[in-house]
Amino acid sequence: MGPGGAEPLVGETERAVAQTCGASELCAVQDTFQGLFGGAALVWEVKTGREHLKKPLEDYMALFPSVRILRTKKREGLIRTRMLGASVATGDVITFLDSHCEANVNWLPPLLDRIARNRKTIVCPMIDVIDHDDFRYETQAGDAMRGAFDWEMYYKRIPIPPELQKTDPSDPFESPVMAGGLFAVDRKWFWELGGYDPGLEIWGGEQYEISFKVWMCGGRMEDIPCSRVGHIYRKYVPYKVPAGVSLARNLKRVAEVWMDEYAEYIYQRRPEYRHLSAGDVAAQKKLRSSLNCKSFKWFMTKIAWDLPKFYPPVEPPAAAWGEVSLEGRMGDAGSTKQPSQACQGLRPLRHRQGAFHGTPQP
Ligand SMILES: [Mn+2]
């Protein structure tokens, strides 16, 4: 595993981003930040008009000899940019973070521990909320919840069902899909899984792709309550998406490669996806077959079995609707116990106060 010394380094580099960009522009840095243990790399996409990401950044990073700055030659989007960072990584474990994160105290060892026990486990830290406007830090509503999606492929969070609840709420728990792009993975396992689908453009759908893939192809995924990373949920997306690129295309790629007959449930809700071109997915399908991956039905039956209770693929008839107390459940989850003393050394970075209001953005 990577040296523990990498942890403060990553914290510093993230703070460096804040310093470099100035408080008001921290969230304007879209480019992907990669923490690579046994060294760290910052991967920057080509940008114009962001002078603070040029020489000032190079000068600051010179203070951290193990950090390499890579720059893409053209706009690649976060997915291929992450792959570039991963391709130069040499450590046993790769950790991906967004560029607008602040790692909390002792966030790394609880992740590495789970990978050391089972190298095919992808692990996600708990994502805390850093407010877009004043940087205050707090847990998400409900804190520990499972990652899920509805059948338009919007990311959702659902309560941990009693069957999967641990006696100690600080214990890792299984999650069907990750929230975004904050995770650690055994480097070789990441590449055995083919990394991300390089045909995905800019942003969107990649968290489903990697999640379905790891579950269906012999691995597993966990959220780790003792590992906490703050993330700025932005109010707006501070970059432009090139013409002709759409989230729909990415989602259709993921559906076509991984979701089997369940893709139909998406097309029923989003008919415009049905005839959209997803590009060439032959290589991805071949990967799926060469890894001998299980079916999406298996995923829905064994891993995300609780998801249809909240987001049924086939809407129940009107008689079965009514007040199905999702709100009540959310309220219950809002009072979720905090991680116990088992999370040694875990302290909030800053005083937690106030409530988060805002529309989460990538
Ligand atoms: Mn983000």
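The values are calculated or read from the model by the stated rules, or taken from the named source; none is laboratory data. Here the structure is a predicted model, which means the values were calculated and not measured. Glycine also receives a Cβ, built like all others from the backbone with ideal geometry; neighbour counts cover every protein chain displayed.
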* Structure fact -> Quick count over segment 74-104, residues being surrounded by 17 or more Cβ atoms within 10 Å (Cβ to Cβ), in contact with a Lys or Arg (Cβ under 9 Å, 6 or more places away or on another chain) and of a type in the set (A, V, I, L, M, F, W, C), is 6
* To do: Assess whether Cys293 counts as being in contact (Cβ under 8 Å) with a residue 60 or more places away in the chain and in a loop (DSSP other than H, G, I, E, B).
  => yes
* **Single condition Met178 does not satisfy, out of (1) within 16 Å of the ligand (Cβ to nearest atom); (2) at pLDDT below 95; (3) under 27 Å from His132 (Cα atoms)** => (2)
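Please verify whether segment 55-65 includes one or more residues that are in contact (Cβ under 8 Å) with a residue 60 or more places away in the chain and more than 16 Å from the ligand (Cβ to nearest atom). Break it down into steps so the answer makes sense when it comes.
Let us first name the residues in segment 55-65 that are in contact (Cβ under 8 Å) with a residue 60 or more places away in the chain, namely none.
No: segment 55-65 contains no residue that is in contact (Cβ under 8 Å) with a residue 60 or more places away in the chain and more than 16 Å from the ligand (Cβ to nearest atom).
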* Taking Gly204 as the residue in question, decide whether it is within 16 Å of the ligand (Cβ to nearest atom) and either crowded, with 19+ Cβ neighbours inside 10 Å or more than 29 Å from Arg249 (Cβ to Cβ) (or both). => yes
* Structure fact -> When segment 153-176 is checked residue by residue, the ones that are surrounded by fewer than 16 Cβ atoms within 10 Å (Cβ to Cβ) and touching a Ser or Thr at 6+ places or on another chain (Cβ under 9 Å) are Asp168
* To do: Please give the strands (runs of 3 or more DSSP E) falling wholly within segment 73-149 in which 3 or more residues are touching a residue at least 24 places away in the same chain (Cβ under 8 Å) and within 16 Å of the ligand (Cβ to nearest atom).
  => 93-97, 101-103, 121-130
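Go over the candidates Ile122, Ile79 one by one and state the one that is β-branched (Val, Ile, Thr) and over 27 Å from Pro313 (Cα atoms).
Working: Ile122 fails: over 27 Å from Pro313 (Cα atoms).
Selected residue: Ile79, the only one of Ile122, Ile79 that is β-branched (Val, Ile, Thr) and over 27 Å from Pro313 (Cα atoms).
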* To do: Only helices (runs of 4 or more DSSP H) wholly contained in segment 188-286 count here; list those with 1 or more residues that are at pLDDT 95 or above.
  => 206-216, 247-258, 263-269
